[in-house]
Each structure stands twice: as C-alpha cells, then as structure tokens.
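Have a look at the structure below, then the notes.
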Ligand SMILES: Cc1cc2nc3c(=O)[nH]c(=O)nc-3n(C[C@H](O)[C@H](O)[C@H](O)COP(=O)(O)O)c2cc1C
C-alpha cells in the first residue's frame, strides 16, 4: 500500500537536498507519495558567508534561539513517515532546523509518527543529533532511524576545505590541491541503499531492527577521536555562547571565539588526544563502546 512521506529540511548549498533526493528515490520508485518541503528562513543567512556573519550565529545555534521562517504549507495532517534533514552548526542543530522543529504544524505531524533523521555534516554531528533526539522525544515523535553523512577526510583538512566552500560558495577543490569539501558524491549516491532499507520497514508496521541494519550498512558511524573532541568542545561552546549572548558589544568576543576555535582544533586537540590515547583510552574500552552505541542508536 502506498504510504505518505514528508521530507522536511533546510539547506544552503543544496548538499542536503542532493542527499535527500538520493535517499528518497527508492520511496518514489515504490509508488509512495513523497512530499518534499524545503524550508527557507525569513531573513536568509549569506551564502557564501563572510567571517563576521559566520561566527555571529554561534550563540543562537548553541542556545537554541529560533528564527522566523518563510511561511510553508504541509499538505497532510498525518504522515506514515517523516524524514528530517538537518545540519550541525557549531555542534548544535542549525538555527533553521531548530526553528522548523519549533513550528506548531511540524510538531503536530511529528506526534506519534515514525521519524528518520539524516544529516550532511563536516564531521561533528553527535551533539546536534543528541539534541535533535531530545526535541523529537519532547514532541512525542518515534525516532526509528538516524543517518549521518560526513566528510571522511582528516579533521584538519575538512576544517580548511569547509571554510573554502562556505566562504567561496563553491564546493570545489581549493587551489586544485585540497580535496572536495563536505560529503563525497559517492557517499551521497550511497544513501539510495539506506533508502531501500527504510523502504523495507515502511511496508510493515514494526520498525525494530531498522537502525541495526543502517549501522551495518555504515549509514552512521561514530569515530572515537571526533566523539572525544566534540564531547569537550560542546561544553566549552556553551560557556562561550552564554557569555557572548549577554554582551552588548559582541564583535570582539566573537573574534576571540574564532581564535579560540583555531587554537583548540589545531593545537590543544592533538595534545589532549595524545594524552587520552596513552593514559585513559586503553582503560575505557567498555565505556567507549557504550557511548558509540548510544550515539549511533535511536534511543
Ligand atoms: C555556521 C556553520 C557552522 C557549522 N558547524 C558545523 C559543525 O559544528 N559540525 C559539522 O560537522 N559541520 C558544521 N557545519 C557544516 C554543516 O553542517 C553542513 O555540512 C554545511 O553547511 C552544508 O550544509 P547545507 O546542506 O545546508 O549547505 C557548519 C556550517 C555552517 C554554515
């Protein structure tokens, strides 16, 4: 029987739309009704970004301050599945996605409805995902699948290349030397396989086992080093965000945050990771395994 599926998302560059088109192709092929809603914000963020605007959104991302959205319409009151496309901004759900999840019409369709989330990130999506899980739980939605696509290059490389992409507006190779930023074309195409897996469950009523299959397919994979850095950074970002949000003159503080970020990533993180690798990680394998299960799971 044909099912009704809502795909709701925000994207700046179109990467997330590309991911969702590939992911949902099997649902369309199977004859389901797939309603895609690309949400826009009332006062859009610049793309390409400039440095000032980019860092200025940090406090609102971290503190979950929503923004006004352009009006959008959902065709149905109830769907068999909602697919939420989201992106992480400063280790948090992006402001537009947070605003989508705040919308009364979206909250209404989420209630008692199976949801699959899918992100296209640089490589630090865990904290944002954990916060989205909480928002979905509060909305009485039933999270049945969670997919995370990210840039597989080294953390330093993906940091450099994403800035080239975000500040030039082109998902291209900087100087012809650096790799293409963001989620690779191959990984984007592969989401059709994850879509086929979800389609299998869509025909039944029991979603148990879907996430395990997605994990098996590597639709979501937690990398220890990134998980470690993110767990520390998300706490520190919250401190920065709370301080900066209270300041009348924010510019100097945002510049300080920018330099903190560079020092934290390129100098502090490698040192802390090395200390952890020698003194802590070898004795914490049970805890690390549990954390990985938590972050790649749907509970
Ligand atoms: C302001 C801003 C902050 C970002 N912060 C993160 C982050 O903390 N972690 C991450 O993995 N990616 C981060 N990204 C990358 C996005 O998650 C996403 O991959 C990229 O913006 C492309 O998404 P799009 O489909 O909206 O164009 C950030 C991007 C922007 C614009």
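Every number here is computed from the coordinates shown, using simple stated rules; none is lab data. The structure displayed is predicted, hence computed values, not measured ones. Cβ atoms come from the backbone with ideal geometry, glycine included; neighbour counts cover every protein chain shown.
Considering the stretch 1-67, what Rg and Dmax in Å follow from its alpha-carbon atoms?
15.9, 51
For the chain, modelled as a Gaussian network with Cα springs under 10 Å, which listed residue fluctuates most, 120, 145, 195?
195
Ranking request for peptides 198-208, 244-254, 99-109, 19-29: highest mean number of other beta-carbon atoms within 10 Å first, then the rest in descending order. Display every interim value, and only then the final one.
On the way: 198-208: 14.7, 244-254: 13.1, 99-109: 17.3, 19-29: 20.2.
Peptide ranking by packing, descending: 19-29, 99-109, 198-208, 244-254.
Between 158, 285, 127, find the one with the highest GNM mean-square fluctuation for the chain; connect C-alpha pairs within less than 10 Å.
Its mean-square fluctuation being the largest, the pick is 285.
Could you give the length gained on full extension between residue 221 and residue 238, defined as 0.36 nm per residue of separation minus the Cα-Cα distance, in nm? Write down the numbers at each step before the final one.
Values: separation 17, 0.36 × 17 = 6.12 nm, distance 2.50 nm.
Contour length minus the Cα-Cα distance gives 3.6 nm.
State the extension gain, in nm to one decimal, for the chain segment bounded by residue 63 and residue 37, taking 0.36 nm per residue of separation less the distance between their alpha-carbons. Each step should come with its number before you reach the end.
Working: separation 26, 0.36 × 26 = 9.36 nm, distance 2.55 nm.
Length gained between residue 63 and residue 37: 6.8 nm.
To one decimal place, what orientation-averaged projected area in nm² is obtained for the convex hull of the Cα set of the stretch 172-219?
Values: hull surface 15.8 nm².
It is 4.0 nm².
Using only the Cα atoms, what convex hull volume per residue in Å³ does the chain have?
Numbers: hull volume 40.0 nm³, N = 299.
It comes to 134 Å³ per residue, whole-number rounded.
For the chain, take the longest principal axis of its alpha carbons; what is the angle in degrees between that and the long axis of helix 155-168, to the nearest 10 within 0 to 90?
80
Counting helices only, and only those DSSP H runs with n ≥ 4, report the 222 nm mean residue ellipticity of the chain as the sum of -39,500 (n - 2.57) divided by its residues, in deg cm²/dmol to the nearest 500.
On the way: 13 runs with 152 residues, N = 299.
It lands at -15500 deg cm²/dmol.
Using the alpha-carbon atoms, what tilt in degrees (0 to 90, nearest 10) does helix 15-29 show relative to the longest principal axis of the chain?
In the chain, helix 15-29 runs at an angle near 20 degrees to the longest axis.
Does the stretch 228-299 come out rounded, prolate or oblate by the C-alpha gyration tensor, with a ≥ b ≥ c the root eigenvalues, rounded set by a/c under 1.5 and, if not, prolate when a/b is larger than b/c and oblate if not?
oblate
Any chance you could run the full-extension gain for residue 208 through residue 157? It's 0.36 nm times the residue separation minus the Cα-Cα distance, nm to one decimal.
Values: separation 51, 0.36 × 51 = 18.36 nm, distance 3.74 nm.
Result: 14.6 nm gained on full extension.
Residues of the stretch 214-255 with amide nitrogen under 13 Å from the 7 Å Cα-to-Cβ point of residue 294?
Only 228, 231-232 pass the distance filter.
What FRET efficiency comes out for residue 3 versus residue 138 if R0 is 25 angstrom and r is the Cβ-Cβ distance? Round to the nearest 0.05. Write out the running numbers ahead of the final one.
On the way: r = 25 Å, r/R0 = 1.01.
Computed FRET efficiency for residue 3 and residue 138 comes out at 0.50.
Share of antiparallel DSSP beta bridges in the chain, in percent to the nearest 5?
Working: 3 of 27 bridges.
Antiparallel bridges: around 10 percent, rounded to the nearest 5.
Taking springs between alpha-carbon atoms closer than 10 angstrom, which of 96, 114, 71 fluctuates most in the Gaussian network model of the chain?
Maximum fluctuation in the GNM of the chain, among the listed residues, is at 71.
What's the FRET efficiency of residue 189 with residue 111 using the Cβ-Cβ distance as r and R₀ = 30 Å, to the nearest 0.05?
Numbers: r = 33 Å, r/R0 = 1.11.
Efficiency, rounded to the nearest 0.05: 0.35.
If R₀ is 22 angstrom, what is the calculated FRET efficiency for the pair residue 268 and residue 178, using the beta carbon separation as r and rounding to 0.05? If you can, show how the numbers build up before the last one.
Working: r = 23 Å, r/R0 = 1.06.
Between residue 268 and residue 178 the formula returns 0.40.
Would you mind checking the tilt of helix 251-263 against the longest principal axis of the Cα atoms of the chain, expressed as 0 to 90 degrees and rounded to 10?
Helix 251-263 sits roughly 90 degrees off the main axis of the chain.
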